[in-house]
Amino acid sequence: MGLFAKRTAATERSVAEIEADLEHYRKRHALDLLTIRTLLYYIKEFSLDLTEIEADRFKECMDTLAGHFLGEEKPSRLQSILADYKDIIVAYIEREKGYLRDREGEFKNIIAVLTTGLTTLTEENQEFNTSMHERSVNLEKITYLDDIRKSITLSRSMTSMGIRWVIECSWPWCSAAAP
């Protein structure tokens, strides 16, 4: 049953194969660290530079977190640090979102006020234009009446002088015959 059976040799790997794997894992580890540091940099740069949401403090935290990945921390310690910083990152994201929601609400209010103002102004302009048009029509009527009065006055004075027929003939509604 195998108590006295010959053991089969475990798959033996050469030192060269192990070193090649180790080199692969070192390159992979370096790439992972570079990726982590790059992503932390992008998170830091994506942050809005606002004192209201403590952006400067957040950026310092991201620099500190990136520094932990440069050191020779044990993986369990890095995991613990990352868990702590995860809460910091999530809290900052919530502050930033809240800030943006507040600003968006303020901008919507400003747009509403400006829209209402423009609507009111447009209505007032229409009322003003209508009023100006009515006044210009009335002025035109007054001018027309004043012209008739002047014509009548001129006609009377010319009649007294004996030249009535010249003026009457110049009007389109008069007869062309002289008196």
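Bear in mind that the values in this text are calculations on the coordinates, not laboratory data. Keep in mind that what you see is a predicted model, and the values were worked out from it rather than measured.
Karplus-based coupling profile of region 107-112, in residue order and whole Hz: 5, 4, 5, 4, 4, 5, with θ = phi - 60° in 6.51 cos²θ - 1.76 cosθ + 1.60 and x standing for Gly or Pro. Once the Kirkwood radius over Cα pairs is known for region 16-114, the Stokes-Einstein relation at 4 °C and 1.567 mPa s delivers a diffusion coefficient of 80 µm²/s. Listed values for region 21-32 are Karplus-derived 3J(HN,Hα) couplings in whole Hz (6.51 cos²θ - 1.76 cosθ + 1.60, θ = phi - 60°), namely 5, 4, 5, 4, 5, 5, 5, 5, 4, 5, 5, 4, and x replaces Gly and Pro. By the rule of a C-alpha distance below 27 Å, with chain neighbours fewer than 8 residues away ignored, the lysines paired with K86 are K27, K44, K59, K74, K97.
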